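Here's the structure, in structure tokens; my notes come after.
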């Protein structure tokens, strides 16, 4: 099975900062990667699909990049609503899906 | 507007069974594969199971294979998760999620609000 490893596990930042979260796959997944945001007590929300495509309605300060085994999610000019946990997910096959362990973005 | 509403969670003893339901609206249910994803308290997301649009194909995560069964009733716009031989480690919020077609595996564009399953004696 493909393993997904996110880093860091926790990230402390201030409003206005630029932050980057990394996700590595244990084998190549081309660009079949999605990013989700989860606020406490809420369901995950889709941000990015196919590694770099921004979901409709998601602010443009969110961006994704990468291919193969290395991916990043960048948030430019962090806003108060962005303090949440972020998960990457690979969807390289229609028989198993795996998530990264999550990155919590907290207020410094 | 897409809505996914899970129900059926609760407290159950180890070894017992529980059936979760997820009612869907706002899209053509019979055209879309559906998933269950769970999240143990304070932990990350774990994919549980998928059922194809016609209900004929199912896949399961290793930790639930042989104990859980996913199914759907397209006439009722509902997907189910029958959970047997429950273990303490199955304690989690269970989400249903709708696929969007993209690439080999598809990702999730909508999630329900989740239903909590607690397995405890």
Subject >> Qualifying residue in region A:21-28 (condition: in contact with a helix residue (DSSP H, G or I) (Cβ under 8 Å, 6 or more places away or on another chain), more than 15 Å from residue A:104 (Cβ to Cβ) and more than 12 Å from chain B (Cβ to nearest Cβ)) >> reply: no
**OP:** Please indicate, with yes or no, whether at least one residue in region B:27-38 is in contact with a strand residue (DSSP E or B) (Cβ under 6 Å, 6 or more places away or on another chain), more than 14 Å from every other protein chain (Cβ to nearest Cβ) and crowded, with 21+ Cβ neighbours inside 10 Å.
**Re:** no
Original post:
Can you tell me which of A:90, A:3, A:101 is closer than 23 Å to residue B:63 by Cα, surrounded by fewer than 20 Cβ atoms within 10 Å (Cβ to Cβ), at the interface with chain B (Cβ under 9 Å from one of its Cβ atoms) and out of contact with any helix residue (DSSP H, G or I) (no Cβ under 6 Å at 6 or more places or on another chain)?
Top reply: A:101
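Residue by residue, here is whether (1) in a strand (DSSP E or B); (2) within 25 Å of residue A:3 (Cα to Cα) holds:
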position: B:41; (1), (2): no, yes
position: B:49; (1), (2): yes, yes
position: B:53; (1), (2): no, no
position: B:69; (1), (2): yes, yes
position: B:72; (1), (2): yes, no
position: B:79; (1), (2): yes, no
position: B:86; (1), (2): no, no
position: B:89; (1), (2): no, yes
position: B:95; (1), (2): yes, yes
Subject >> Test set (1) on the phi < 0 side of the Ramachandran plot; (2) in contact with a strand residue (DSSP E or B) (Cβ under 9 Å, 6 or more places away or on another chain); (3) away from chain A (no Cβ under 14 Å); (4) part of a loop (DSSP other than H, G, I, E, B) - residue B:63 fails condition number >> reply: (3)
Subject >> For residue B:64: the one exception among (1) over 22 Å from residue A:49 (Cβ atoms); (2) within 10 Å of the chain's Cα centre (by Cα); (3) crowded, with 16+ Cβ neighbours inside 10 Å; (4) free of Cβ contacts under 8 Å to residues at least 40 places away in the same chain >> reply: (2)
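Quick note: the coordinates plus some simple rules give every number you see, no bench work behind them. Not measured: the values here are computed from a predicted model. Here the Cβ is made from the backbone with ideal geometry for all residues, glycine too, and neighbour counts use every protein chain on show.
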